[in-house]
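The values are calculated or read from the model by the stated rules, or taken from the named source; none is laboratory data. Predicted model, so just to flag it, every value in this text is computed and none were measured. All Cβ positions, even for glycine, are placed from backbone atoms using ideal geometry, and neighbour counts span all protein chains on display.
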């Protein structure tokens, strides 16, 4: 096995592990890692051969990656197959996806910071304190992430 093959194998494996730490399918990370390493569009068949996996899961995951703006289809003249490559600015787009999750947590915190129960019931003080902390945390996080994204897009 050549050095490039060793690096590709390790990179794809490490990318899969990184994705799994985020609670995402390891195969999702393998596909992204492979496409990043190759730097060119690959067909589903080529991806399955490279990763030694069946086509069904690869097809499902490439669909999810496209829905999340991380992969795009590329037309290859003379071929009827679908080819995929990573989107330009895949890292910025992945970060924007994470930002949306944080924003959802902020909306949730804001919803419960104004929650009221019936007149004869009280919301536990510990809950009220945690929701206030959650609101502060995600407000600050949103501000920093927005500033980071603006800086990233300016580079």
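Is it true that some residue in region 60-69 is at pLDDT 90 or above and assigned to a loop (DSSP other than H, G, I, E, B)?
yes
Given the criteria crowded, with 16+ Cβ neighbours inside 10 Å, within 25 Å of residue 6 (Cβ to Cβ) and either without any contact (Cβ under 8 Å) to a residue 12 or more places away in the chain or not assigned by TED's automatic domain parsing to the domain that holds residue 18 (or both), does residue 50 qualify?
Answer is no for this residue.
For residue 17, indicate whether it is within 21 Å of the chain's Cα centre (by Cα) and not in a helix (DSSP H, G or I).
The answer is no for residue 17.
How many residues are without any contact (Cβ under 8 Å) to a residue 12 or more places away in the chain and over 28 Å from the mean Cα position of the chain (by Cα) when one looks only at region 94-114?
1
Give 68, 105 a once-over and let me know the one that is touching a helix residue (DSSP H, G or I) at 6+ places or on another chain (Cβ under 7 Å), in the same structural domain as residue 138 (by TED's automatic domain parsing) and surrounded by 11 or more Cβ atoms within 10 Å (Cβ to Cβ). Before the answer, list the steps.
Details: 68 fails: in the same structural domain as residue 138 (by TED's automatic domain parsing).
Just a single option satisfies the conditions, and that option is 105.
Answer yes or no: is there a residue in region 113-126 that is assigned to a helix (DSSP H, G or I) and surrounded by 14 or more Cβ atoms within 10 Å (Cβ to Cβ). Walk me through it before giving the result.
First, the residues of region 113-126 that are assigned to a helix (DSSP H, G or I): 113, 125-126.
Checking the rest, the ones that are also surrounded by 14 or more Cβ atoms within 10 Å (Cβ to Cβ) come to none.
Within region 113-126, not a single residue is assigned to a helix (DSSP H, G or I) and surrounded by 14 or more Cβ atoms within 10 Å (Cβ to Cβ).
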